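Okay, so here's the structure we're looking at.
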């Protein structure tokens, strides 16, 4: 998140949340919604809002918790018709200032690599220069929730070649090789 650029930005001073929770509502304007739609190949972003609670996390970090709701217009991959769909995303992310301490030897395995347990919680993201960009959080979560192959509800893929395919012709039943052996066995000796 530190080096990427996003179509929407809503920056917050991370130092202002020190000892109590702070409620924050984020709603991009029409120009921002158009930029988000263009960046993520959507026909339109009709509505987008987030109701975050910023909570203190450890010494100088933040925890961002709350719902993100969006109404987007996408093109169906089957019928090529635009349709609206709603997204509801529960966000729970943590952020900490960039650590100036170098990695300790105990953080590394015998090959000198950092091992990550996939079942554990994600490590905190980085707060750069004391500023947290909630717009970047919104854009990341929205991009992950968008269906890359959207299908309009009730639309089925119909194979147009069904009418053109000939019906299978029943083949004459070939005698089994075992039937021929049985006939030899049942034959009276000559």
Complete set of residues in region 113-144 that are within 16 Å of the chain's Cα centre (by Cα) and in contact (Cβ under 8 Å) with a residue 60 or more places away in the chain: 136, 137, 138, 139, 140, 141, 142, 143
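Of these, 55, 34, 20, which one is farther than 20 Å from residue 135 by Cβ and without any contact (Cβ under 8 Å) to a residue 40 or more places away in the chain? If you could, list the steps in order and put the result at the bottom.
Numbers: 55 fails: farther than 20 Å from residue 135 by Cβ; 34 fails: farther than 20 Å from residue 135 by Cβ.
Just a single option satisfies the conditions, and that option is 20.
Answer yes or no as to whether residue 70 is on the phi < 0 side of the Ramachandran plot and at pLDDT below 95.
Working: on the phi < 0 side of the Ramachandran plot: yes; at pLDDT below 95: no.
Spelling it out, it is not the case that residue 70 is on the phi < 0 side of the Ramachandran plot and at pLDDT below 95.
Mind telling me which of the residues 44, 31, 50 ends up being crowded, with 17+ Cβ neighbours inside 10 Å and modelled with pLDDT of 95 or more? Don't jump to the end; show me each part of the working.
Details: 44 fails: crowded, with 17+ Cβ neighbours inside 10 Å; 31 fails: crowded, with 17+ Cβ neighbours inside 10 Å.
The match here is 50.
The values are calculated or read from the model by the stated rules, or taken from the named source; none is laboratory data. Keep in mind the model is a prediction, meaning the values are calculated, not measured. A quick note on method: Cβ atoms are made from the backbone with ideal geometry, for glycine too, and the neighbour counts reach across all protein chains shown.
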